[in-house]
Each structure stands twice: as structure tokens, then as C-alpha cells.
Amino acid sequence: MTPSFISVHRGTAPLVVSLPHTGTDIPDEIAGDLVSEWIARKDCDWWIEKLYDFAAGLGASVVRTSISRTAIDVNRDPSGVSLYPGQATTELCPTTTFDGEPLYRPGKGPDVATRKAAYFEPYHAALSAEIEHARATHGTIVLYDCHSIRSVIPRLFEGTLPHFNIGTNSGASCAPELQAEIEVICDATDLNRVSNGRFKGGYITRHYGQPERGVHAVQMELACRAYMAEPLGPVDAANWPTQYDPAFAAPCRAALIRILEACIAFARSQGARS
């Protein structure tokens, strides 16, 4: 039985949309060990569920967890292996923010095994079920993993992040023609784009993206300034997060609609050939 912190909308299109980092819920048994709940929510993918709220209307299946990534990051390898060896990153159960601030009070820390069973495994059970249902129905599907991150985080990357960061595990998680279609849509906007740059796709993209099985996976990491009024540089409780403004988000959202439509069209074209 799917737990209440996971929401699943089953659609009719060959597209599964994953929302793994939009949650802000912090279980009581974790909250008391934290330095600050604001710090614990600082790295949330703010308002991404609002930005993509059109996805269900396109027929996509949508899977989301309301649990904060501070409790457990469902887009990290459950074995604990780093997705970006040699580069700064956060763990399966993060102990610091992206900026390197400690999340826990001295002497406190995460019980990784307990959290994995409670929050990681149910999310992936739900996501796997939707992927397999869509694949059984359509033959070929696209898994689209939605993310965002602040544009300037010196600990993680130099300079200012491009607006659109497409990750396909360096081309291994989806067909090159799908990646190319998404790139064309991004490049037609006034926003800039990189493919397989600092962010090549997390565990979800790398684990489920198996084009030979008919599952083409793409991660879209948006720089927050692409869709919200983001203060560049250090943030605090007084200025972060800024509120979601549909008018500000409209240009980015229009491109994302075209991208998801392209994903559906691609999957249908591949299914027709099989």
C-alpha cells in the first residue's frame, strides 16, 4: 500500500514524471535533531510541483514525495556510492547543505537504514510500478525527472549555472534523438542550456534509464532563476525562498510544456515502430 507521503497520478500517455525533491515535510523524530528547519529545507527544489502542474493534463503519470530530501534523498544511490566521485555532493541521508552547513546538532545524525526502509524504498516502489505499467501499456516510454537548484553555489560548481541543465548520464539513459529534441526546444528560448555538464542525472535517471528496454530517462535540472525571482549568491531566511510567481515562470513553463509534449511524441513514435 502506497504511504500517504507519496502521491501518484496514473496517466494515459507514455510519460512518467518524477518529483523527488519538492517535499518539505520533516518527520518529528528527525526535526528535533536538526540545527534549523529552515536550513533543512533550504535545498528543496522550490515550486517545481507548481511549475510542472500541467503534466497530468498532458496525460503523464506523476510520482511525488512530500518528504524533504533532508530526511533522505531518493535520487542518490542507495548503496551510498557517490554519483559524482571527486566532486562535492550530498549523501543519501545528507549531513550538510549544498553550501556545506551542518544539518544536525552535535552528536546527532541520521539512521540511514531506518530512513531507507521508511522513505526511499516506498518512493522507488511507486515509481517502478508506474514505469512498468506505462511500459507494459506503450512499449516505449520516457521517464522525466524534475529538479531545480540555486544558480550560484560555489561549493558545487564555479560561476553561474545555465538555466537548463539536461542530464542523460552522458547519453546512456536515452536515445540521442530525444536529447537533441529537448536541446532544440531549450535553445529556441532566451535562456541558456548545457547537456551533461555539472549535472548528468542522478540515481533515478541512471538506474531506470534503459533505452534497450524502452525506458528513456532524462533529468532536467533548472537553475532557480529560470522560473523564480532568485537572489544570486548567499541566501537566508529573510530572502529564501521567494514566492512562486506564475507570470515570472511563464516563459520557462512554456518551454517545459513543449519538452514534455516532445517526450510523449518521441515515445509514441518509438512504440509505433516496435
Counting other Cβ atoms within 10 Å, which chymotrypsin sites (Phe, Trp or Tyr not before Pro) in region 211-274 have at most 16 and lie in a DSSP loop? Y244
Within region 144-248, trypsin sites (Lys or Arg not before Pro) in DSSP loop having at most 15 other beta-carbon neighbours inside 10 Å: R155
Give or take rounding to whole Å, what are the principal axis extents of the alpha carbon atoms in region 94-214, in descending order? 50, 38, 19
What residues from region 202-233 fall in the zone where the backbone N is under 14 Å from a label point 7 Å along the Cα-to-C-beta line of Q243? 229
About the Cα centre of the chain, what is the dipole size in debye to 20, counting +1 per Lys and Arg Cβ and -1 per Asp and Glu Cβ, all else neutral? 420
DSSP loop (so not H, G, I, E, B), at most 10 other Cβ within 10 Å: list which chymotrypsin sites (Phe, Trp or Tyr not before Pro) in region 12-120 pass both filters. none
What aspartates and glutamates does K108 reach when the alpha-carbon gap must be under 17 Å and sequence neighbours fewer than 8 apart in one chain are set aside? D28, E29, D33, E37, E91
For region 63-125 and region 127-185, write down the distance between their C-alpha centroids in whole Å. 20
Extension length gain for A136 and S36 (0.36 nm per residue less Cα distance), in nm, is 31.6 nm
Placing +1 on each Lys and Arg Cβ and -1 on each Asp and Glu Cβ in region 6-272, then taking the dipole about the Cα centre, the residue among P78, G11, Y52 whose Cα reaches farthest towards the positive end is G11
Of I185, T2, L156, whose Cα points farthest to the positive end of the dipole of the chain (charges on the beta-carbon: +1 Lys, Arg; -1 Asp, Glu; origin at the Cα centre)? I185
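Rounded to whole Å and ordered largest first, report the semi-axes of the equivalent ellipsoid of the chain derived from its Cα gyration tensor (root of 5λ).
29, 22, 17
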What's the FRET efficiency of T89 with A175 using the Cβ-Cβ distance as r and R₀ = 25 Å, to the nearest 0.05? 0.35
Only Lys, Arg (+1) and Asp, Glu (-1) charged, at Cβ; region 76-214 dipole about Cα centre in debye: 480
If you count only protein heavy atoms with a 1.4 Å probe, what accessible area per residue comes out for the chain, rounded to a whole Å²? 40
Of the accessible area of the chain, computed with a 1.4 Å probe and all protein chains kept, carbon and sulfur make up a percent value of 54
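Rounded to the nearest 5, what is the percent of antiparallel bridges among the DSSP beta bridges in region 6-272?
The antiparallel proportion sits near 35 percent.
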State the three equivalent ellipsoid semi-axes of region 113-169, derived from the C-alpha gyration tensor as the square roots of 5 times its eigenvalues, in descending order and whole Å. 30, 20, 7
Among S128, P94, A265, the residue whose Cα sits farthest towards the positive end of the charge dipole of the chain, when +1 is placed on the Cβ of each Lys and Arg and -1 on the Cβ of each Asp and Glu, is A265
Springs between alpha-carbon atoms under 10 Å, Gaussian network over the chain: tell me which of H216, H138, H21 tops the mean-square fluctuations. H138
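The values are calculated or read from the model by the stated rules, or taken from the named source; none is laboratory data. This one's a predicted model, so the numbers in the text were calculated from it and none came from an experiment. Positions of Cβ are backbone-derived with ideal geometry, glycine not excepted, and every protein chain shown enters the neighbour counts. Remember, those area values only see protein heavy atoms, side chains included, never the ligands or the DNA or RNA. Shrake-Rupley method; radii C 1.70, N 1.55, O 1.52, S 1.80 Å.
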